[in-house]
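Peer 1: Okay, handing you the structure first.
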Amino acid sequence: MARAKITDEVIEQINELYCEIGIKSQVAKALGISASTVNKYIIPDYVCKADRVVEVFSGRPSIISMDKIN
């Protein structure tokens, strides 16, 4: 049985869903992949898109977490 390629887009989906749901098995079920695959691609300290703030400093944009602002 061939393994499915985990693309950067899928990795982002894994981390976004994990931010929302917080349960690896539910993320796996939603994406049709195994919980071990979800566990493998969880990014520590990942900041959800909804929580990101783009700040311009010296003409270059950077992404910071809302947690670091407060």
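Peer 1: Just the residues that are within 12 Å of Cys48 (Cβ to Cβ) and acidic (Asp, Glu), please, taken from the range 5-22.
Peer 2: Glu12, Glu16, Glu20
Peer 1: I've got another one for you. Of the residues in the range 7-28, how many are surrounded by fewer than 14 Cβ atoms within 10 Å (Cβ to Cβ) and either touching a residue at least 12 places away in the same chain (Cβ under 8 Å) or assigned to a helix (DSSP H, G or I) (or both)?
Peer 2: Total satisfying the criteria: 5.
Peer 1: Next question, about the same structure. Regarding the range 39-50, can at least one residue be identified that is open to solvent by 80 Å² or more (accessible area, probe 1.4 Å), modelled with pLDDT under 95 and among the hydroxyl-bearing types (Ser, Thr, Tyr)?
Peer 2: no
Peer 1: Would you mention how many residues in the range 11-54 are in contact with a Ser or Thr (Cβ under 9 Å, 6 or more places away or on another chain) and β-branched (Val, Ile, Thr)?
Peer 2: Number of matching residues: 5.
The values are calculated or read from the model by the stated rules, or taken from the named source; none is laboratory data. Just so it is clear, the structure is predicted and the values come from calculations on it, not from any experiment. Positions of Cβ are backbone-derived with ideal geometry, glycine not excepted, and every protein chain shown enters the neighbour counts. Heads up: the accessible areas ignore ligands, DNA and RNA and are worked out on the full protein's heavy atoms, side chains in. Shrake-Rupley method; radii C 1.70, N 1.55, O 1.52, S 1.80 Å.
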